[in-house]
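**Q** Sending over a structure as structure tokens; questions will come in a sec.
Bear in mind these aren't lab numbers, they're just calculated from the coordinates by the rules spelled out. What you see is a predicted model, and the numbers here were worked out from it, not measured in a lab. FYI the Cβ positions are ideal-geometry reconstructions off the backbone, even for glycines, and counts take in every protein chain you see.
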């Protein structure tokens, strides 16, 4: 299969310079503003002041463009790893950088999960994650590495998707999280007062004012402790 990652770019001098880097930058800017629903090869071409057909010499399909865009975000995540020292710091950095990137590029959550991305930046993040987990589990934990990697990645995907979904719902409805909680507070209070949901009452009372970043950090700490236990 002729994958975009190994296909050379067209060569030749043109009046308006185009390359995959410029194409991806324009596409990311459009998606940040309009979401993936508002992204098209035609709009990207217009941003670059070239014809849509010009782009197809560099990117054969929209799916290839989405792969390149996703890998550009993974590049942001990989770039954050320079500050990590040790396996635990690396895992925390990957988690925080993934959340930060997803909040900057909300469309990213629509592209993660399912089959893994195989671009160079995505592979670099996968390698860093697997290497950190392997270091944590030690030489005797090799049989747990795949499962630990799956759990860690599944948490990240689910967490960032949920947070982005809440943000989108707030914008679409014109009701932020505080207003939404106030609107359902009376009903929920009556249900909790029945005594049927004591654990959920405790969870809601403790977490209702939690800062999203702090809550995420606490959850990541729990996931890391769980997947790296060697006992």
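**Q** Test of understanding: ordering 184, 166 by Cβ neighbours within 10 Å, fewest first, what list do you get?
**A** On the way: 184 10, 166 14.
Listing 184, 166 from fewest to most nearby Cβ atoms yields 184, 166.
**Q** With springs connecting C-alpha atoms under 10 Å apart, model the chain as a Gaussian network and identify which of 155, 187, 74 has the largest mean-square fluctuation.
**A** Residue with maximal mean-square fluctuation among 155, 187, 74: 187.
**Q** Among 47, 205, 127, which one moves the most in a GNM of the chain with springs linking Cα atoms closer than 10 Å?
**A** 205
**Q** Right, next: If each of residue 211 and residue 183 carries a label point 7 Å out from its Cα toward its Cβ, how far apart are those two points in nm?
**A** 2.7 nm
**Q** Suppose only helical runs count, i.e. DSSP H with n ≥ 4. What mean residue ellipticity at 222 nm does that imply for the chain under -39500 (n - 2.57) per run, divided by all residues and rounded to the nearest 500 deg cm²/dmol? Please list the in-between numbers first.
**A** Values: 10 runs with 152 residues, N = 231.
The per-residue figure over the chain is -21500 deg cm²/dmol.
**Q** Using Cα-Cα distances under 8 Å and only pairs 6 or more residues apart, what relative contact order does segment 84-227 have, in percent?
**A** It comes to 31 percent, rounded to a whole number.
**Q** Full-extension gain between residue 135 and residue 62, please, as 0.36 nm times their residue separation minus the C-alpha to C-alpha distance.
**A** Extending this stretch completely gives an extra 22.5 nm.
**Q** Tell me, Kirkwood radius of the chain from alpha-carbon pair distances, in Å?
**A** Details: mean 1/r = 0.0491 Å⁻¹.
Evaluated on the chain, it is 20.4 Å.
**Q** With 10 angstrom as the radius, rank 44, 109 by how many other C-beta atoms surround their C-beta, starting from the fewest.
**A** Listed from fewest to most nearby Cβ atoms, that is 109, 44.
**Q** Additional query: Please report, largest first and rounded to whole Å, the three semi-axes of the ellipsoid equivalent to segment 16-77, where each semi-axis is the square root of five times an eigenvalue of the C-alpha gyration tensor.
**A** Semi-axes from the Cα gyration tensor: 17, 13, 11 Å.
**Q** Then there's this: At a 10 Å Cβ-Cβ cut-off, how would you order 204, 91, fewest neighbours first?
**A** Working: 204 14, 91 24.
Final ranking by Cβ density, sparse to dense: 204, 91.
**Q** Only Cα pairs under 8 Å and at least 6 apart count here; give the relative contact order of segment 48-117 as a rounded whole percent.
**A** 33 percent
**Q** Taking the chain as a Gaussian network, Cα atoms linked when under 10 Å apart, which of 114, 82, 195 shows the biggest mean-square fluctuation?
**A** 195
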